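Quick note: the coordinates plus some simple rules give every number you see, no bench work behind them. Keep in mind that what you see is a predicted model, and the values were worked out from it rather than measured. Every residue, glycine as well, gets a Cβ built from its backbone with ideal geometry; the counts of neighbours run over all protein chains shown.
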Amino acid sequence: MRTISSDLVAPERLAGHLRLTVARLARRLRQEAGSGLGPTLTAALATVERHGPLSPSALADRERIRRPSATRIVAKLEDEGLVLRAPDPDDRRSCRVTITPAGAARLEEARSRKAAFLAERVAALSPEDRELLERAAGLLDRLLEDAEPASAPSPAEEPATT
């Protein structure tokens, strides 16, 4: 097992190391997903799954993007058959977006592929390293809990992988 040098434990250096490692892991998981969707479309689809039906404005707010961007994203997802738009019963000028069974299946397949990729690598670790990784995952969860903006969904609302 690799040991951490004392200079890496400095908060600034550790933060930089974590940022790079988490970014690399996220990029690799996106590659493994094989969903055929980019990160923006995948994130929006997962948000519709989790919080739908949503108006494009609500999707924009949750994704922290502008409404015209959300409208384009919804159009692309609709063209792929991954979401449906229906008139908003409370406001006929707006619509509500819901995930389709094909959209839910696409997300599930991507999540399964990412989980399998990680599980294969975790299985190759020693029991001690797996225990350490479990503790590290808990610590990362705690770091995020303290850093969540008030408008962001709680970790309980977030899927394990998107």
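Annotations for the structure displayed:
- Alpha-carbon centroid distance for the pair the range 21-83 / the range 89-139, whole angstrom: 14 Å
- Cβ-Cβ FRET estimate between Glu134 and Ser94, R0 fixed at 41 Å, reported to 0.05: 0.40
- Computed from label points 7 Å out along Cα-Cβ, the spacing between Ala86 and Ala104 is 1.3 nm.
- Highest mean packing first, where packing is the average number of other Cβ atoms within 10 Å per residue, the peptides 67-80, 116-129 line up as 67-80, 116-129.
- Maximal additional length on extending the Ala43-Leu25 stretch stands at 4.9 nm, based on 0.36 nm per residue less the C-alpha distance.
- The 3J(HN,Hα) values that the Karplus relation (6.51, -1.76, 1.60; θ = phi - 60°) gives for the range 93-102 are, in residue order, 7, 10, 10, 10, 10, 10, 7, 8, x, 5 Hz. Gly and Pro appear as x.
- Taking 7 Å steps out from each Cα toward its Cβ at Glu120 and Asp79 produces label points 3.2 nm apart.
- Formal net charge of residues neighbouring Pro101 (Cβ-Cβ distance under 14 Å; K, R +1; D, E -1): -3
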